[in-house]
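In what follows, a single structure is set out as structure tokens and then discussed.
The values are calculated or read from the model by the stated rules, or taken from the named source; none is laboratory data. Since this is a predicted model, take the numbers as computed values, not measurements. We place every Cβ from the backbone using ideal geometry, glycine too, and count neighbours over all the protein chains shown.
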Amino acid sequence: MTVRVLLADDQELIRRGFRMILEEQPDITVVGEAADGDQAVRLTRELSPDVVVMDVRMPGTDGIEATRRITAGSAPARVLVLTTFDLDEYAFTALRYGASGFLLKDARPAELADAIRSVATGDAVVAPSVTRRLLDHFAGQLPDLRGGSEDAASPELDRLTEREREVLTRVAEGLSNTEIAAALVVTEATVKSHIGRILGKLGLRDRVQAVVFAYQVGLASPGRPGRA
């Protein structure tokens, strides 16, 4: 599968650099470039990329508003946010508006390519430990993903098997798929299958939303590991 990518950044040199990096990847193709948020939204509709690599700080319509409009629309594109600091409030706001994750601008070329592939498949798009620290930091501002239930013991959890709950708890603890597989003595492919079923049953978009959901139903709490 070839991942179609749209680059959104107001600095042309940065876009050119990313394009050069990504064009070396046999399974990634850059289908367009946007210099601001409005253009990113328009090109997403026109070009139907799989992933939009989005700088959050752009003049005019910034990457946050562009992310909100893209994820609220009918296009299936996922958004990978670029930021300078790993606890950037701009990046967190973009996550609240539907971004699938974020990546530091100084990431190595291989990390950028891997992050794009991960976003395209709905897998983790940031280091689990970074996601966990970010959610701890902004816990009071998390979007409500409990399906309207005010009860922490969301009835949606009843849709999960005992093993699926265990996997969700480990995800919320910040463990990678490899670490979860080792802890549960199963294969990494099995963990990925469990996570896919969890997302489907709970109506969640990706791993980031799964962690947010786990916080809100009490499987994890700020400042401490998740619990079974």
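In the set T67, T71, T93, only one residue is at pLDDT below 80 and of a type in the set (S, T, N, Q); that residue is T93. Residues in the stretch 20-29 that are surrounded by 14 or more Cβ atoms within 10 Å (Cβ to Cβ) and part of a helix (DSSP H, G or I) were compared, and the one that is nearest to the chain's Cα centre (by Cα) is L22. Does G147 satisfy the criteria of being at pLDDT below 60, surrounded by fewer than 16 Cβ atoms within 10 Å (Cβ to Cβ) and assigned to a loop (DSSP other than H, G, I, E, B)? The answer is yes for G147. Can you work out which of the residues in the stretch 173-213 that are of a type in the set (G, A, S) and part of a helix (DSSP H, G or I) is surrounded by the most Cβ atoms within 10 Å (Cβ to Cβ)? Out of the qualifying residues, it is A210.
Applying the set (1) surrounded by 14 or more Cβ atoms within 10 Å (Cβ to Cβ); (2) under 16 Å from the mean Cα position of the chain (by Cα) to P76 leaves exactly one unmet item: (1).
Given the options I70, I28, I21, I14, name the one that is under 23 Å from L204 (Cα atoms) and in contact (Cβ under 8 Å) with a residue 12 or more places away in the chain.
Numbers: I28 fails: under 23 Å from L204 (Cα atoms); I21 fails: under 23 Å from L204 (Cα atoms); I14 fails: under 23 Å from L204 (Cα atoms).
Step by step, each of I70, I28, I21, I14 is checked, and only I70 is under 23 Å from L204 (Cα atoms) and in contact (Cβ under 8 Å) with a residue 12 or more places away in the chain.
Do you know which of the residues in the stretch 30-61 that are surrounded by 20 or more Cβ atoms within 10 Å (Cβ to Cβ) and in a loop (DSSP other than H, G, I, E, B) is modelled with the lowest pLDDT? In this case the residue turns out to be V56.
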